[in-house]
């Protein structure tokens, strides 16, 4: 039954139009890096520009945008059109449904973003350590984002709007203005990983201590998983939440 769940989720997330659109977002990061290299920048400047490109555009824009679309669609689309009842009618533990949906959402987000970040990092400066650090950061950030957005899709029918509002308003403006809000910014959690693992070139990426990001990020993931499982357990077979 697990293989069937995986197949259903992949088909739902990887329809041709959506996959092409999201893949183009990742390709955009690579294109920007290529254009920058073709401008023949000085070596002393290229490392800092590449870091800012990966941090501000890769982790700051593309990662959350792809994650919110993928995460809110993994279960939310089935809830919205009522097809979730066919899945829930089967003798499958609902926690297994949630975990499979989360795992596939995470995997799809990583496949769409992480290779682009690695390629852009290598093209921009050729610093393997910097590219690897941001690659790990994208994987960790994708886990946290998709877990939160999958849970959000089970809490509200407006998950995509709420998720975009979080990304744009909270992470884009509030956490940038007020230092006290940064511990609950997933972007800052991911950037802390990049700074810790990306070598000297990644210094200055994050405004949050690494261990703080690790602990809070782990709490967020576990809490979101528990919320998602609990909410799916309240879905009745007629497709409405209790």
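In this structure, does residue 103 turn out to be within 13 Å of the chain's Cα centre (by Cα), assigned to a helix (DSSP H, G or I) and over 28 Å from residue 31 (Cβ atoms)? So residue 103 fits the description; yes. Taking residue 140, is it closer than 21 Å to residue 50 by Cβ and not in a loop (DSSP other than H, G, I, E, B)? Spelling it out, residue 140 is indeed closer than 21 Å to residue 50 by Cβ and not in a loop (DSSP other than H, G, I, E, B).
Considered as a group, the residues in the range 76-100 that are in a helix (DSSP H, G or I) and modelled with pLDDT of 75 or more include one that is nearest to residue 20 (Cα to Cα), and that residue is 100. Hey, any hits in the range 170-192 for a residue that's in a loop (DSSP other than H, G, I, E, B) and closer than 29 Å to residue 79 by Cα? Taking every residue of the range 170-192 in turn, at least one turns out to be in a loop (DSSP other than H, G, I, E, B) and closer than 29 Å to residue 79 by Cα. Restricting the first residue to the range 21-50 and requiring it to be free of Cβ contacts under 8 Å to residues at least 24 places away in the same chain and on the phi > 0 side of the Ramachandran plot, which pairs with a second residue that is assigned to a helix (DSSP H, G or I) and surrounded by fewer than 14 Cβ atoms within 10 Å (Cβ to Cβ) meet a Cβ separation below 7 Å and a spacing of at least six or different chains? Within 7 Å, no pair qualifies. Within the range 6-42, restricting attention to residues that are more than 19 Å from the chain's Cα centre (by Cα) and at pLDDT below 70, which residue is farthest from residue 103 (Cα to Cα)? Filtering first and then ranking leaves 42. Any residue at all in the range 108-127 that is on the phi > 0 side of the Ramachandran plot and either free of Cβ contacts under 8 Å to residues at least 40 places away in the same chain or not in a helix (DSSP H, G or I) (or both)? Yes. What are the residues in the range 8-40 that are over 21 Å from residue 142 (Cα atoms) and outside any helix (DSSP H, G or I), if any? Within the range 8-40, 39, 40 meet the criteria. With respect to residue 206, is the statement that it is in a helix (DSSP H, G or I) and either under 21 Å from residue 153 (Cα atoms) or at pLDDT below 95 (or both) true? Considered against the rule, which asks whether it is in a helix (DSSP H, G or I) and either under 21 Å from residue 153 (Cα atoms) or at pLDDT below 95 (or both), residue 206 comes out as no. Checking each residue of the range 172-186 against the condition of being crowded, with 24+ Cβ neighbours inside 10 Å, in contact (Cβ under 8 Å) with a residue 24 or more places away in the chain and on the phi < 0 side of the Ramachandran plot gives at least one match. Reported count of residues in the range 166-183, each being over 19 Å from residue 109 (Cβ atoms) and at pLDDT 90 or above, is 1.
The values are calculated or read from the model by the stated rules, or taken from the named source; none is laboratory data. Values in this document were obtained by computation on a predicted structure and should not be read as measured data. Here Cβ is always computed from backbone atoms with ideal geometry, including for glycine, and neighbour counts include all displayed protein chains.
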